[in-house]
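Report on the structure given below.
The values are calculated or read from the model by the stated rules, or taken from the named source; none is laboratory data. Computed from a prediction, not measured in an experiment: that's the story for all the values here. Cβ: placed from backbone, ideal geometry, glycine included. Neighbour counts: every protein chain shown.
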Amino acid sequence: MRAELAAFVSSVGLLVVGSSPAMRPVAAQEADGRTVTVRFEATFGDVPVSCATTYRDIGTSRSSVAITDFRFYVMDVRLVRPDGTEVPLSLSVDDLWQQDDVALLDFEDGTQRCANGTAETRDQVEGRAPGGLYTGLRFRVGVPFARNHRDPTLQPSPLNLTRMFWTWNAGYKFLRLDLRTAGQPQGWVVHLGSTGCTPNTTPLEVPTSCRFPNDVKVDLSPFDPDRDRVRVDLRALLADADVDVNDPDTAAGCMSGREDGDCKAVFGALGLPFGDAPGGTQRVFEVARRPEGAR
Amino acid sequence: MMGPRAATLVFIALACVVAAGQRTAPARYVWDLPPGFPEPKVPPDNPMTAEKVALGRHLFYDPRLSVDGTYSCATCHRQVNAFSDGRRQAVGVTGDVHPRNSMGLTNVAYSPVLTWGNPTQRRLETQALVPMFGEQPIELGLSGQEDKLFARLRSDTRYGALIRAAFPEDADPFTLGNITKAIASFERTLISGRSPYDRFEAGNASAMSASAKRGLSLFFSERTECFHCHGGFNFTQTVDYAGKRFLEIEFHNTGLYNIDGRGGYPSPNTGVYALTNDPRDMGRFKAPTLRNIAMTAPYMHDGSIATLEEVLAHYEAGGRTLASGPDKGVGAASPLKSGFVKGFMLTPTERRDLVDFLDSLTDMTFISDARFSNPWVRQDGRLNVFENSRPDVRARR
């Protein structure tokens, strides 16, 4: 018992030292630190995403679309100081929307066409960061590799939602946007996740790496976390896609398949490489500027 | 109603109390293995128990495991078909046609890799999530339905007893992990090794016909090369069991398609390639067990060959040629084809002999074994899945 206790104390000590850049007592850190809430909004252009709304002029065919699901995971959230240095946002663990390294954003409310969803919605990521001024925000859309390939039935919330399972591909959907469109009333979807995952060579183990991680890198600046919001603009996501047709012999819409022509436009908007396109800067997440003093 | 059932319940209850009081380790699970079969490898986090197997059998056959209460695991894995379904391709609960032929579950406990061509599927526990929650295609259609699923299971008092017996240490045993563990435990019991061939191997020379014996010699010959991919006690090279230290997983391109002259298979059935996106993995699929193969027609990952005779013709030709249609091509010319699929000549008698040998791998006890049958069937043959009231409660009233 004594040895276990000592080991526990020392590991706690290590943790404190490791997470405390200023090497100051925890209490002082807490006093200096602050809660940061990064707020998100999901839109088609300027119109908020809702399960009850139909959106027009979407994609190259100027289609009419309605959502039946829209959720995504974010990880690796960092705040950027004016001098360019990054500070990780230490996510608060609520065992519902957030674990320490991953958070779920959820813009469906389980009503109307979104009946397979959940009543709860989520439009923010909460955490703590050292006090001070922040002028930028960086994060990735995705699930940390170490969590992405474990048995999902053993994972805590929000990684236990079956709608986000991508079991055949040994991982999670990082982002799921399900649409009904004028031309594809049965569904045209975007299911983003890692592909090309190399199987491990030992029994009962999970992939060791994925050739196409497909996590989306977002870098927003200037961004004031006390005032601005992150807008995820689905009109921009689909701007170059034709959501009224489906590439023959492929999944409905884009389920991240490398042969699926429907993925080219979507991956391009997300800044992900696809085919001959090298990838670049994503065009879907942007800063929604709020008037001075507004939340 | 208070007869043997009540007595058994009392006995089980007593046994549980005794076991809990003594804190003894759970009794070692007793496999009923055919002679010569090794013990299956079981994940350390899901040791076999009779209680988990019983729960898993009820879940496997329960249509409440589908979105509209019409499909169960057993819809596409029917005991009479050695737990395949006789269809060319499976059809899901919403009408989605699966790109794949339903695999038989014969001896699935010995498979270190699951489904037709997915090197990442290593555990029955996680594989079960694919038919339950998969959306491409929709099979049981449970994605996003987990709350409703648990409400349905909780409403049936029979499940309360089954799941508490299977997971006695859980405060609330109704978890997805427990459901998949139980289904996996039941699936691991689906062991088949009592065919005429097995009786022949055990010394009963008359168990196989003369034709089947000649077919056996052909099967294990360098002329046909069948055994390279279908060898071993399970007639599939890819096999695992307790105590085996090496992991062996094989996938093969058999030249079934060659749609582009470069060995291409039609999308989405591209085999391991669909997972790894490595061009060398195009068309690589797992060699299924040949045990009970006569009961699992049609054949191949996409059910595109109807009979065993036609399967042999494919291998005789060293790869299938499709002369027309969108998938046309000369499989024999595929640069990705396994070196063992080199073609051979059979006389009509030899072809008959080989089919007779494959028929001798049929284990009739497997498809009639009551332990693997539907537990929800009443004595009058009707299902009692949706009769939720507890029989002993009803009797007392």
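Of the residues that make up region B:214-229, is at least one buried (at least 23 other Cβ atoms within 10 Å of the Cβ), more than 12 Å from chain A (Cβ to nearest Cβ), basic (Lys, Arg) and not in a loop (DSSP other than H, G, I, E, B)?
No, because not a single residue in region B:214-229 is buried (at least 23 other Cβ atoms within 10 Å of the Cβ), more than 12 Å from chain A (Cβ to nearest Cβ), basic (Lys, Arg) and not in a loop (DSSP other than H, G, I, E, B).
Looking only at region A:121-150, how many residues end up being within 14 Å of chain B (Cβ to nearest Cβ) and among the polar types (S, T, N, Q)?
1
Which residues, counting only those in region B:341-363, are under 26 Å from residue B:258 (Cβ atoms) and over 27 Å from the mean Cα position of the chain (by Cα)?
Passing the criteria: B:342, B:343, B:344, B:345, B:346, B:351.
Only one of A:198, A:153 is of a type in the set (Val, Ile, Thr), touching a Gly at 6+ places or on another chain (Cβ under 8 Å) and within 9 Å of another protein chain (Cβ to nearest Cβ). Can you tell me which?
A:153
Grab the strands (runs of 3 or more DSSP E) fully contained in region A:155-264, keeping just those with 2 or more residues being closer than 26 Å to residue A:108 by Cα and out of contact with any helix residue (DSSP H, G or I) (no Cβ under 6 Å at 6 or more places or on another chain).
Counting at least 2 such residues, we get A:175-181, A:188-192, A:216-220, A:229-233.
Tell me which of these residue B:194 doesn't satisfy, since it passes every other one: (1) more than 14 Å from every other protein chain (Cβ to nearest Cβ); (2) part of a loop (DSSP other than H, G, I, E, B); (3) more than 25 Å from the chain's Cα centre (by Cα).
(3)
So, of the residues in region A:283-293 that are at pLDDT 95 or above and surrounded by fewer than 21 Cβ atoms within 10 Å (Cβ to Cβ), which turns out to be nearest to residue A:232 (Cα to Cα)?
Top of the filtered list is A:286.
Can you tell me which residues in region B:111-168 are in contact with a Lys or Arg (Cβ under 8 Å, 6 or more places away or on another chain), farther than 30 Å from residue B:275 by Cα and either hydroxyl-bearing (Ser, Thr, Tyr) or facing another protein chain (nearest Cβ under 8 Å) (or both)?
Correct list: B:157 only.
Restricting to region B:277-306, and then to whatever is assigned to a helix (DSSP H, G or I) and in contact with a strand residue (DSSP E or B) (Cβ under 9 Å, 6 or more places away or on another chain), can you tell me which residue is farthest from residue B:355 (Cα to Cα)?
That would be B:281.
Would you tally the residues in region A:162-193 being touching a Cys at 6+ places or on another chain (Cβ under 9 Å), at pLDDT below 95 and more than 9 Å from chain B (Cβ to nearest Cβ)?
0
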